Amino acid sequence: ISVQNWSAPVEVRTSRGEVKVRQVKRGPVLVFCPDCRVDAAQIEAPLRVIGGTGNVRLESVTSKQVYIETSSGLIEARNVWGEQLYVSALGNVSAERLIGAVEFHLKKGSFRLKNGEGALSGRSEQGEIEASFSAWKAADKSIIETTTGNIHLLLPREFSGELEISSPLDKTTFKSEGFLADLESQKDSNSASRAVSREAGALGTQRWFLG
């Protein structure tokens, strides 16, 4: 199924195959398919994809709201603007240049983001979380947590905000240009415009507060 050059709402419902949606304005765009590969590009409209085992790929999406869900399919996103939520039980999220408020909810998948601009919140029960930001702009407190995975964050020099990180002991690193806090061993640290503190959590976890 292919939809291209459209300036009206789009709704695609099917059970399997491949779905391509390109160059859509206004919208909204809804794709529902439990066993499809979904490719969405050059979208200027609210976007919602409810997938399953197939991979979902986003490229150049500008939207007030983006919601992507799979059961086990890989989610790939590049050059996406707006409020974004990525959900998967077994699938991974691989992203580059996400701009806006980004949130993820994963069970056994990993989350990896390069060159984000905005803020990040989310949870992965058993997956790795890696994210780098060239600019951090958060309206509210951000929370990033994992039960058994590692967390690696690279934040900009001018980072300012309230960020809570929760992870297993000895599995978190936080880096910022001009400032390095190795959270595997550091108790308390202060730099020019940020503070790092740690407290023990339940079941051998640790909670870090950056602000």
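The values are calculated or read from the model by the stated rules, or taken from the named source; none is laboratory data. Worth saying up front: this structure is predicted, and the values here are computed from it rather than measured. A quick note on method: Cβ atoms are made from the backbone with ideal geometry, for glycine too, and the neighbour counts reach across all protein chains shown. The protein model used for the area step is the full one, side chains on, heavy atoms only, and it has no ligands, DNA or RNA in it. Shrake-Rupley method; radii C 1.70, N 1.55, O 1.52, S 1.80 Å.
Restricting to segment 151-181, give me the number of residues that are at pLDDT below 85, closer than 15 Å to N115 by Cα, outside any loop (DSSP other than H, G, I, E, B) and open to solvent by 30 Å² or more (accessible area, probe 1.4 Å).
1
Are any residues in segment 58-93 more than 13 Å from the chain's Cα centre (by Cα), part of a strand (DSSP E or B), surrounded by fewer than 18 Cβ atoms within 10 Å (Cβ to Cβ) and not polar (S, T, N, Q), and if so, which ones?
Matches in segment 58-93: E59, K64.
Name every residue in segment 141-150 that is modelled with pLDDT under 85 and surrounded by 20 or more Cβ atoms within 10 Å (Cβ to Cβ), in order of residue number.
Of everything in segment 141-150, just one residue is modelled with pLDDT under 85 and surrounded by 20 or more Cβ atoms within 10 Å (Cβ to Cβ), namely G149.
Only residues that are in contact with a strand residue (DSSP E or B) (Cβ under 6 Å, 6 or more places away or on another chain) and either open to solvent by 10 Å² or more (accessible area, probe 1.4 Å) or on the phi > 0 side of the Ramachandran plot (or both): list them for segment 34-44, please.
If the condition is that a residue be in contact with a strand residue (DSSP E or B) (Cβ under 6 Å, 6 or more places away or on another chain) and either open to solvent by 10 Å² or more (accessible area, probe 1.4 Å) or on the phi > 0 side of the Ramachandran plot (or both), then D35, R37, D39, Q42, E44 are the ones that fit.
Would you tally the residues in segment 126-149 being closer than 18 Å to N92 by Cα and over 15 Å from the mean Cα position of the chain (by Cα)?
4
Confirm whether E96 is part of a strand (DSSP E or B), more than 19 Å from I43 (Cα to Cα) and of a type in the set (D, E). So that I can check it myself, show each step before the final result.
Values: part of a strand (DSSP E or B): yes; more than 19 Å from I43 (Cα to Cα): no; of a type in the set (D, E): yes.
Against the criterion (part of a strand (DSSP E or B), more than 19 Å from I43 (Cα to Cα) and of a type in the set (D, E)), E96 does not qualify.
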